[in-house]
Amino acid sequence: MRRPTVLVVDGQEPRRKELVRGLAEHAYEVIAAAGAKEGRRFAAGLNPEVIVIEAALWVAAGPGSAEGSSPATIVLHEGEPASELAEHVLSVATGALAPGDLLRKVRTVLVGRELGLATDPHVESLRGDLHELPLLELLPMLQRAVVTGRVVVGGGELLLEDGEVVAARAGTVSGLKAFARLARTAGGSFRVILAPPGADRQIYKDLLSLMAMAMEDQHRYQEALGQLPSLSSRVRVVMGPAFFSTQFSSSQQRVLQGAHEGGTVWSLLDAIEANDGEVLADLARLKELGVVEFHEPQVSVRIVTDSTADLPPELARRHHVNVIPLSVSFGRMTYKDGVDLTAREFYRRLEARKSEHPKTVPPSEADFLAEFRLTLARNDVVSVHISGHLSETLANARAAAEAGKGEFGKLRGEGAPVLEVVDSMQVSAGLALLVIFGARMAERGLGANEIRARLEAMRTRLHLLFVADTLEYLARGGRVGKAQAWLGGRLGIRPILAVSDGAVVPLDRVRGRNAAHRRLVELLGERVEAGRPVVLGIAHANAPVHAVRLRSLLQDNFKASEILETEIGPVVGAHVGPGCVGAALFQPGEEEQRLVAPVTDAF
């Protein structure tokens, strides 16, 4: 991997020499200049890919002087930067930094340049999205860049030393098991933090062997998963003839010992040292032998929603949420949102067929009738959907509930099931949060009527704001005028919109994407009590880098007890367009915090 050429322009000789020496030790080609004139000459003649420059000299040289070659520019300043910086310019405050810390920040930018990863606003870490760059593709890149530091991902972290994985943690597990578990993380963001490992070595395998182990375990895990019920099921050992006549392997004996102690499949995975795939494979074999049995969690209420919640499939499965898809039409071809058409494929088609605007179609009354019949046969249902102001989905759900009243009452002999239909007055990340809250209340034993009442009380305090990268798609949907969309595009205007009382309304207009993201965070801050915990949802439309930046800003400004990340799917994406990012924020009361928090043992 070729290292970028670096130009250091700094009038402070000790700092300049320290940077040059430190970067050279990491095998970067470094050119140094003491003044603006010399720096400008080197920039023009040598075309460096990264420029590190003292703020006063940067102003003297002219910020736009090197923009033709689009180098990453790191401006060193003592206090706050004087003005809004262009997107290719990063600002580092040097006042309280030790030389080693400054070198680490500069190298963070350099490694990001090599790997194509964005830095956070404080230049503390590199951030990316696992949909765009899976972990097992990222790690070889970090090895080639000889990175020492941490990769934070999926509720855990990997520790690297000179590009090799030396330790791992995922929840309560560590070492090889944690590595294999983190390698299964399919979505969400990751952070790369350059720093000394700060932990004893746990892992002694080379990266290639680690990756092979993780892929083999993932295959075992997925294969066994198809043979087992929910991982939140409780395991019980059956002390029958098969138990006494079977010679168990040592790994099966460990699984049986763990199962004797009670708990769920997930708690068993945490308790046994072997990798998850091996444990599940043993459980599947023991189930086949009739030595263990599983008891599904007794959840009397099931949550149903629609695909405009943009719920990641794994999250929906983990919370036992049924998702009814809307449809998207390109010309004569119609696709089920998230079933026949993924978000990634949708945005690819959108880019390839710019002149053909996709149309969206809600689920029909018949679709809802079929879903309600199936689910109400075993559970009560709370059906939570996109705002009635934004789609006919809610109206069709209510029509199905009314049409099936007589039929539904006969589905269960012990009494008529309860069906509640809720207008979330939200969409995308806002709807997703309400759906997850409802599912967690169901897991805690609340009835359908109470869940409906609580969700309707919460929805008025759930705030969803978003920034559209272009007004074109909003104009096509009639949200803004075509003249306004054209003019906004010419001027670089980014509209900030909100979902208020179930409708999309404009809040503000800001020039420049970064400024719009900061303004969005300010507007959210005006809607909640400072210092108290909030639950956040972040959604993006084919814009993982923008989502990473927004997440950093939100984490800097709010005390987040939980962050849910989603990708805006085909239906919502057809209306907001690619590049859109948004944030949903809910500040629970003391009692609500207990009800909406993740349920221990849920998976």
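The values are calculated or read from the model by the stated rules, or taken from the named source; none is laboratory data. Note that the structure is a prediction, hence the values are computed from the model and not measured. Neighbour counts run over all protein chains shown; Cβ positions are idealised from the backbone, glycine included. Surface areas here come from the heavy atoms of the whole protein model, side chains and all, with no ligands, DNA or RNA. Shrake-Rupley method; radii C 1.70, N 1.55, O 1.52, S 1.80 Å.
Among DSSP beta bridges lying fully in the chain, give the percent that are antiparallel, nearest 5.
The antiparallel proportion sits near 60 percent.
List the residues of the range 6-23 whose backbone N lies under 12 Å from a point placed 7 Å from the Cα of VAL146 along the Cα-to-Cβ direction.
Hits in the range 6-23 for VAL146 at 12 Å: 23.
So how much accessible area does MET425 have, in Å² to the nearest 10, using a 1.4 Å probe?
Answer for MET425: close to 50 Å² accessible.
At a Förster radius of 45 Å, what calculated FRET efficiency corresponds to the Cβ-Cβ distance of ALA503 and GLU161, to the nearest 0.05?
0.25
Which value, to two decimals, describes the C-alpha radius of gyration of the range 490-568 once divided by 2.2 N^0.38 Å?
In units of the globular-protein estimate, the range 490-568 measures up at 1.11.
What order, most packed first, do the peptides 143-154, 343-354, 562-573 have when packing is the mean number of other Cβ atoms within 10 Å of each residue?
So the order, starting with the most tightly packed, is 562-573, 143-154, 343-354.
I'd like the distance between the alpha-carbon centres of the range 384-453 and the range 183-248, rounded to an integer number of Å.
Measuring centre to centre over Cα atoms gives 35 Å.
Calculate the FRET efficiency for ALA27 and GLU414 from the Cβ-Cβ distance with a Förster distance of 45 Å, rounded to the nearest 0.05.
The formula returns an efficiency of 0.05 here.
Out of every Cα pair in the range 367-417, what percent are spaced more than 12 Å from each other?
Of all Cα-Cα distances in the range 367-417, 63 percent exceed 12 Å.
Rounded to two decimals, what is the ratio between the C-alpha radius of gyration of the range 318-434 and 2.2 N^0.38 Å?
Against the empirical 2.2 N^0.38 Å value, I get 1.21 for the range 318-434.
Å³ per residue of the Cα convex hull, for the range 239-308?
Looking at the range 239-308, the number lands at 132 Å³ per residue.
Positive end of the dipole of the range 141-200, charges at C-beta (+1 Lys, Arg; -1 Asp, Glu), about the Cα centre: which of PHE179, LEU159, GLY198 has its Cα farthest in that direction?
PHE179
What whole-number value in Å² describes the accessible area per residue of the range 214-338 for a 1.4 Å probe?
49
I'd like the carbon and sulfur percentage of the solvent accessible area for the chain, probe radius 1.4 Å, heavy atoms only, ligands and nucleic acids excluded.
Carbon and sulfur together cover 50 percent of it.
Kindly count the pairs of lysines across the chain whose alpha carbons are less than 22 Å apart, treating pairs on different chains or eight or more residues apart as eligible.
The number of close lysine pairs in the chain is 7.
Provide the per residue accessible area, probe 1.4 Å, for the range 396-441, rounded to a whole number of square angstrom.
So the range 396-441 comes to 34 Å² accessible per residue, rounded to a whole number.
Could you work out the relative contact order of the chain? I mean the mean sequence separation of Cα pairs under 8 Å and 6+ apart, divided by the number of residues, in percent.
Relative contact order of the chain: 10 percent.
Quick one: how many Å² of LYS205 are accessible to a 1.4 Å probe, rounded to 10?
80
Add +1 for every Lys or Arg and -1 for every Asp or Glu among the other residues with Cβ under 13 Å from the Cβ of ARG532, and state the total.
Result for the neighbourhood of ARG532: 0.
How would you classify the range 120-198 from its alpha-carbon gyration tensor, with a ≥ b ≥ c the square roots of the eigenvalues: rounded for a/c under 1.5, else prolate if a/b is greater than b/c, otherwise oblate?
Taking the square roots of the gyration eigenvalues as a ≥ b ≥ c, the range 120-198 is rounded.
Given a Förster distance of 51 Å, report the FRET efficiency between ARG373 and SER249 from their Cβ-Cβ distance, rounded to the nearest 0.05.
For ARG373 and SER249, the calculated efficiency is 0.70.
Hey, how many Å between the Cα centroid of the range 332-378 and the Cα centroid of the range 114-136?
31
Give the relative contact order (percent, whole number) for the range 506-566; include only Cα pairs under 8 Å separated by 6+ residues.
In percent, rounded to a whole number, it is 40.
How high is the relative contact order of the range 345-400, given as a whole-number percent (alpha carbon pairs under 8 Å, six or more residues apart)?
After rounding, I find 39 percent.
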